[in-house]
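Data block below; observations after.
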Amino acid sequence: MADGVHAIRERSRTMQRWVLLSGLMVDLRGLGCGSWLAFPGDGEPVLFVRARVSGRRVAVLAMEDGAGQWLFRWDGDQQAAAIEGDASCAAERIAAVRR
């Protein structure tokens, strides 16, 4: 039974990541910044954004911290609150990545 509950909880977290990253995609598009969502068969969804100056791909993850709050993380140490329905602050910071 515990395994079933764990599987449901993980599926719920995966869906939450998908929803948050999809909302971020829409806000990035509004800033003229293209992105694409990858969903590997054995992993979690990852959003990729092309840095405007260097052209490199920046991976963005939606993560839950120890307190149960959701965050967007990118470039290893950058993060912003992941708020469902309003990712505009995070989108502006991610769209500004230059390197």
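No lab work stands behind these numbers, since they all come straight from the coordinates. Just so it is clear, the model here is predicted, and its values are computed rather than measured. Cβ coordinates were reconstructed from backbone atoms using ideal geometry, including for glycine residues, and neighbour counts include every protein chain displayed.
At-a-glance table
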| read-out | value |
| --- | --- |
| Calculated P(r) tail over 17 Å for segment 42-99, as whole % of Cα pairs | 37 percent |
| Per-residue Cβ neighbour rank within 10 angstrom, fewest leading, PHE72, PHE48 | PHE48, PHE72 |
| Total charge dipole magnitude, the chain, about the Cα centre, Cβ charges on Lys, Arg, Asp, Glu only, Debye to nearest 20 | 540 debye |
| Spatial separation of Cα centroids for segment 64-96 and segment 8-38, in angstrom | 11 Å |
| Compactness of the chain - radius of gyration and Dmax, Cα, Å | 14.0, 51 |
| Mean separation of Cα contacts under 8 Å, 6 or more apart, over the residue count of segment 28-69: relative contact order % | 26 percent |
| Cβ-Cβ FRET estimate between TRP36 and ALA67, R0 fixed at 22 Å, reported to 0.05 | 0.15 |
| Residue exposure sequence - VAL60, VAL46, VAL53 - by fewest surrounding Cβ within 10 Å | VAL53, VAL46, VAL60 |
| Segment ARG9-ARG98, extension gain: residue separation times 0.36 nm, minus the distance between their alpha carbons | 28.4 nm |
